[in-house]
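The values are calculated or read from the model by the stated rules, or taken from the named source; none is laboratory data. In this text the structure is predicted, and so the values were computed from the model without any measurement. Using ideal geometry, Cβ is built from the backbone for each residue, glycine included, and neighbour counts are taken over all protein chains shown.
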Amino acid sequence: MSVDFAPIGHLVDFNDGKPHRVEVNGQDILIAVVDQEVYAVSDTCTHAEVSLSEGELVDCKIECFLHGAAFDLKSGEPTSPPATTALATYEIALEGEDENPLILVSTKAKEK
């Protein structure tokens, strides 16, 4: 099965140490750049159903602003309560050989 990707912007647009929300195919996706790696997970907290892009990046985790649930950006797995359900994760591709490549995100979540 082939994966379709959608362009969301260039690395410089997201490389500020903050989480960002983008919409791809009607899905709100959180984009974060940590140590020059780009991650994409669902932007909706599985515990409180609020936008995680309003939370804080801590190392390679996103922390929900409402109740403090945290999720690993690599796997989507919860790393602290009260969340117990993982976030959907999305594949990332970079296009361009320069220091500011175009970021593309898969239009469908990865299979678990």
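Quick notes
- Among the residues of segment 8-25, those identified as charged (D, E, K, R), over 15 Å from T44 (Cα atoms) and surrounded by fewer than 14 Cβ atoms within 10 Å (Cβ to Cβ) are D16, K18.
- Taken together, the residues in segment 1-59 that are assigned to a strand (DSSP E or B), polar (S, T, N, Q) and closer than 12 Å to S106 by Cβ amount to 1.
- Restricting the first member to segment 16-38 and to residues that are at negative phi, and the second to residues that are among the aromatic types (F, W, Y) and assigned to a strand (DSSP E or B), the beta-carbon pairs closer than 7 Å and six or more apart or on different chains are A32/Y39.
- The residue of segment 60-79 that is nearest to T107 (Cα to Cα), among those that are touching a helix residue (DSSP H, G or I) at 6+ places or on another chain (Cβ under 7 Å) and in a loop (DSSP other than H, G, I, E, B), is C64.
- Some residue of segment 99-110 being over 24 Å from G9 (Cα atoms) and over 15 Å from the mean Cα position of the chain (by Cα): no
- Some residue of segment 74-91 being touching a strand residue (DSSP E or B) at 6+ places or on another chain (Cβ under 6 Å), at pLDDT 95 or above, closer than 11 Å to F5 by Cα and surrounded by 13 or more Cβ atoms within 10 Å (Cβ to Cβ): yes
- Flag if S53 is among the small types (G, A, S), touching a strand residue (DSSP E or B) at 6+ places or on another chain (Cβ under 6 Å) and closer than 25 Å to N100 by Cβ: yes
- Of all residues in segment 63-92, those that are closer than 25 Å to I8 by Cα and basic (K, R) have Cβ atoms under 7 Å from Cβ atoms of residues that are assigned to a strand (DSSP E or B) and at pLDDT 95 or above, 6 or more apart or on another chain, in K74/Y39.
- Residue count for segment 26-43 under the criterion of being of a type outside the set (A, V, I, L, M) and crowded, with 19+ Cβ neighbours inside 10 Å: the result is 3.
- L94 out of contact with any Phe, Trp or Tyr (no Cβ under 8 Å at 6 or more places or on another chain), outside any loop (DSSP other than H, G, I, E, B) and surrounded by 15 or more Cβ atoms within 10 Å (Cβ to Cβ): no
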